[in-house]
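Down below is the structure, laid out as structure tokens.
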Amino acid sequence: MSVSIPENKKISPFLVFFVVQKMQFGIGILGFQRIIAKTAGYDAWISIILAGIAVHIVLWALFKMLETVNGDMISIHTFVFGKIVSKIFGLFFILYYLLLTVTVIRTYVEIVQVWMFTDLTTFWFSLIFLIVVVYIIFGGFRTVTGMAFFGIVLPFYVLALFLFTLPYAEFDNLLPILDHSISDILLGSKNMSLTVLGFESLLIFYPFIKDQKKSKKWAHLAVFSTTMIYVYLAILTFAYFPENQLQKNIWPTLTMWKIIMMPFVERFEYIGIANWCLIILPNASIALWCSSRIAKRLFSIKQRTTVPILAFICLIATSLLFTRKQVNLLSDLVGQIGFYLNFFYFPLLLVATLIAKKVKKNEVGS
Amino acid sequence: MKIPFKKKNTEKEALEKVLSKSNDYKNIHFTNEKTKVEFYLTFIASLTDEKIIHKEALPYLLHGELYNLDDVPELITIAETEISTNPKDIELKLFNGYVLVQVVGNEEQLCFFAAQREVGRSIGVPEVEFSVIGPKEAFVESMKQNLNLVRKRIPVKELVIEELTVGKISKTKVAIIYLEEITNQENINTVRQRLQDIDIDGVTDSSFIVQIISDNQNSPFPQLLDTERPDRVTASIIEGKVAIIVDGSPHALIGPTTLVELFSSFEDYFLNWIVSSFFRLIRLFAVTFSILVTPIYVATLSYHYELIPRDLLSALVASRRAIPFPPILEALFLELTIELLREAGARLPTKVGQTIGIVGGIVIGTASVEAGLTSNVLLIIIALAALASFTTPVYRMGNTIRLLRFPFLLFAELWGLVGIVLSFCIMLTHLIRLTSLGRPYLEPLYPPRRQDMKDALIRLSFKNQAKRPVFLRSKHPSRLDERDAKQKQDIDE
């Protein structure tokens, strides 16, 4: 059942940190503050921490499953449900990752259209973007990881730039703490979870990790650091915006950049948005890679043929989404699927796996 | 000239048929005075040194006690002699500057002695990789000399020099040099295999080899380091790399290499680590600046002028007010001018080249600003970018850097800053995918290896360089004997 990957195509365990963090840390960070503050108000930072804890638990469950079968998601499904059902589930996951790719690209294009180029054609930009994605994936999983690595390391300076808002920050905004009901805060956590998803791609690239036991701590560290970054950003945002004003900004992170002023540069959001290209690219690459990888595992089609085809489907899908509403609908849909997948399906799958393991053990024993 | 050989020696006959058309082919008949033995000397005059033949060989052959061919090596005072019966050796040896001796009546036995004429310039000063301090020797065109330069710096038995012949017609000698106990066997095999697989008629320089055996021939980035400094080659070999020296080329090749190594100058190792780290960072900045500054100018002025603070913007606008072209044309015009100047300077003799530089740099620059074709701000930017691009210590890399800015410019014109980042991503992906002799090119940046960072963007002190680079997968990862590693002492002990 286990999948063998040549040693020179595998990645070091600590690179898992970058892949996991990369998938969590994407387009969502530009606008999550408003969404979580909608229900939890300025107690929403507690929601982020709760969401973070939930992610840690799910991550633990994922590792538990993977260790049981020593393979990837397909092996788990085959282990629990048998071959035919696992194929149906696999098809669903191909679609899910395709949708994820489309969402990521389309949302980014929308931001560029709104903030920088109103007349940017979605088709042409997505075309070039997807060509680069295909080029990355053709380099193998190591290249995908490499882009994830640079996608985190190079734009890291951006985090420090948020400190420019400190002179205008009113930390009193956060008081009083625990002003909202538990259910509101939990609802905020649910909304937050949409932006921290993506770590489940671990289920697919797990066989590509060299020393899988060691990678655990790195994956958890990644989740922890993402949570911390989100908390840091949320607190700065809440201190910067009065609560009512925050609800009027779809992308508060971008609005915050506007305040940055240096002798040679103003309106930092332009640089920020351009920079985000480097952050989005690995996201889309990992998602599309996962999609093609599942296809390979299910039907043993070469990734060299599936990747361009899948990319082409993405291209058409992105170009067909015209309005803000459609984009919103899509990202909500993907978020919902991801939410139920991660917080309901995978824990159940873990239980199923453990039961299956017991049953099989008994069969062998008797 | 009478042909002395009968049908037996068809190989030589066939050779002679072609060779007799050339004037420098000599086949001379002699008779020994004492023993009256008749013999022939055959050689290519342009490849052999007559002095050696006349002083070291002929007197003994003519007046010594020569009875048969076996006496020849004992009579003459040349160490490199060889007796063979294989007629195929004739062509090989003759064209490597050997003289063939044949005794009449015993034509099947062949005796060769070496009498190569050594022509070529003497060892000079490195010109491409000049350094203020450090050794001033540079490789020359003769492989013998070059090997000597390397060998005398590594006087150990582990230093292996393998020789191959490349090129169907040119028969160029290529040497692979490595340290037996240190260099990774896989790297050596890769180099040997690729050299053996070369299928080409002529090789006249190591740059042919580097282009043919590169991992990705469609990449603008050089994937092997070429250097004219014997000291650099030596250091690399000791580090665990493989060097290739090609006969007739004053540039040795070193591999596997990495991107950061192509931005390091060998002078970095002559300076104190703090100073050299500073220089490396300056160079890194220079390269980034050189690639990105013109595209950023085009992007901001075409699309995002809001980025520029008001005071600075007014200065920029003032300098551009009278200019009829969009920023991209303006930038392309000046970039092309600089490229023309560089190309003209490179093709012309040094003294004329200097004049061209002055004429081009000052006259064209000032005139185009005065004529209102370009803004003076852009002129400053482009001149600085050109200056910055020349700080790259490896010439090949410098060319790549100069080329890279054009795609960036086009993308900047297309989608502004987003375009620049997108083209940067393409470049980054390309670099991640690139390998040098199968080893990752971007190492130690990606895959990130902390240990190799000691000699990458900055260079730490020699005390911290006790380990060989990880990516070389050396058989001996440690440069020192483990037991010599000293323990840190506490204060006052």
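The values are calculated or read from the model by the stated rules, or taken from the named source; none is laboratory data. These numbers were taken from a predicted model, which means no experiment stands behind them. Note: ideal-geometry Cβ built from the backbone for every residue, glycine included; neighbour counts use all protein chains shown.
Tabulated values for the structure
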| read-out | value |
| --- | --- |
| Members of the stretch A:238-270 that are among the basic types (Lys, Arg) and within 14 Å of chain B (Cβ to nearest Cβ) | A:LYS258, A:ARG267 |
| Condition check for A:THR107: away from every other protein chain (no Cβ under 13 Å) and either buried (at least 16 other Cβ atoms within 10 Å of the Cβ) or among the β-branched types (Val, Ile, Thr) (or both) | yes |
| Candidates B:LEU329, B:LEU292, B:LEU262, filtered to the one that is free of Cβ contacts under 8 Å to residues at least 24 places away in the same chain and either aromatic (Phe, Trp, Tyr) or not assigned by TED's automatic domain parsing to the domain that holds B:GLN211 (or both) | B:LEU329 |
| Residues of the stretch B:234-256 that turn out to be out of contact with any helix residue (DSSP H, G or I) (no Cβ under 6 Å at 6 or more places or on another chain), buried (at least 22 other Cβ atoms within 10 Å of the Cβ) and either outside any loop (DSSP other than H, G, I, E, B) or of a type in the set (Val, Ile, Thr) (or both), as a count | 4 |
| Within the stretch A:192-204, considering residues that are over 11 Å from the mean Cα position of the chain (by Cα) and either modelled with pLDDT under 85 or β-branched (Val, Ile, Thr) (or both), the one surrounded by the most Cβ atoms within 10 Å (Cβ to Cβ) | A:MET192 |
| Any hit, the stretch A:146-155, residues being outside any helix (DSSP H, G or I) and under 28 Å from A:LEU329 (Cβ atoms) | no |
| Considering residues of the stretch B:302-342 that are charged (D, E, K, R) and either surrounded by 15 or more Cβ atoms within 10 Å (Cβ to Cβ) or in contact with a helix residue (DSSP H, G or I) (Cβ under 9 Å, 6 or more places away or on another chain) (or both) only, the residue farthest from the other protein chains (Cβ to nearest Cβ) | B:ARG342 |
| Odd one out for B:LYS157 among (1) in a loop (DSSP other than H, G, I, E, B); (2) surrounded by 14 or more Cβ atoms within 10 Å (Cβ to Cβ) | (2) |
| Hey, A:LYS296 among the basic types (Lys, Arg), over 26 Å from A:VAL16 (Cβ atoms) and more than 14 Å from every other protein chain (Cβ to nearest Cβ) or not | no |
| Residues located in the stretch B:35-55, provided they are more than 15 Å from B:GLU108 (Cα to Cα), in contact (Cβ under 8 Å) with a residue 12 or more places away in the chain and surrounded by fewer than 18 Cβ atoms within 10 Å (Cβ to Cβ) | B:THR35, B:ALA45, B:SER46, B:LEU47 |
| Filter result (touching a residue at least 24 places away in the same chain (Cβ under 8 Å) and either surrounded by 15 or more Cβ atoms within 10 Å (Cβ to Cβ) or among the acidic types (Asp, Glu) (or both)) within the stretch A:115-137 | A:TRP115, A:MET116, A:THR122, A:SER126, A:LEU127, A:PHE129, A:LEU130, A:VAL132, A:VAL133, A:VAL134, A:ILE136, A:ILE137 |
| Residue in the stretch A:70-91 that is of a type in the set (Lys, Arg) and under 20 Å from the mean Cα position of the chain (by Cα) present | no |
| Boolean, B:ILE364 is touching a Gly at 6+ places or on another chain (Cβ under 6 Å), assigned to a helix (DSSP H, G or I), in the same structural domain as B:PHE285 (by TED's automatic domain parsing) and of a type in the set (A, V, I, L, M) | no |
| Residue within the stretch B:426-446 that is more than 10 Å from chain A (Cβ to nearest Cβ), buried (at least 23 other Cβ atoms within 10 Å of the Cβ) and over 27 Å from the mean Cα position of the chain (by Cα) present | no |
| Filter result for A:THR143 (touching a helix residue (DSSP H, G or I) at 6+ places or on another chain (Cβ under 8 Å), within 13 Å of another protein chain (Cβ to nearest Cβ) and in a helix (DSSP H, G or I)) | yes |
| Residue among A:ILE185, A:ILE152 that alone is more than 10 Å from chain B (Cβ to nearest Cβ), crowded, with 19+ Cβ neighbours inside 10 Å and under 20 Å from B:LEU445 (Cα atoms) | A:ILE152 |
| Residues of the stretch B:160-177 that turn out to be outside any strand (DSSP E or B) and surrounded by 15 or more Cβ atoms within 10 Å (Cβ to Cβ), as a count | 2 |
| Flag if B:GLY419 is in contact (Cβ under 8 Å) with a residue 24 or more places away in the chain, surrounded by fewer than 16 Cβ atoms within 10 Å (Cβ to Cβ) and either part of a helix (DSSP H, G or I) or out of contact with any helix residue (DSSP H, G or I) (no Cβ under 6 Å at 6 or more places or on another chain) (or both) | no |
| Tally of residues being surrounded by fewer than 20 Cβ atoms within 10 Å (Cβ to Cβ) and over 29 Å from B:LEU92 (Cα atoms) across the stretch B:183-220 | 8 |
| Residue among B:LEU404, B:LEU379 that is part of a helix (DSSP H, G or I), closer than 27 Å to A:ILE280 by Cβ and not assigned by TED's automatic domain parsing to the domain that holds B:LEU224 | B:LEU404 |
| Single residue of the stretch B:454-464 satisfying the filter (buried (at least 17 other Cβ atoms within 10 Å of the Cβ) and under 23 Å from B:LEU253 (Cα atoms)) that is nearest to the other protein chains (Cβ to nearest Cβ) | B:ALA456 |
| The stretch B:46-71: number of residues that are modelled with pLDDT under 85 and either outside any loop (DSSP other than H, G, I, E, B) or under 44 Å from the mean Cα position of the chain (by Cα) (or both) | 3 |
| Matching residues, the stretch A:116-133, being at the interface with chain B (Cβ under 10 Å from one of its Cβ atoms) and assigned to a helix (DSSP H, G or I) | A:TRP124, A:PHE125, A:ILE128, A:PHE129, A:ILE131, A:VAL132, A:VAL133 |
| Count of residues meeting criterion [surrounded by fewer than 20 Cβ atoms within 10 Å (Cβ to Cβ) and within 14 Å of chain A (Cβ to nearest Cβ)] in the stretch B:364-413 | 4 |
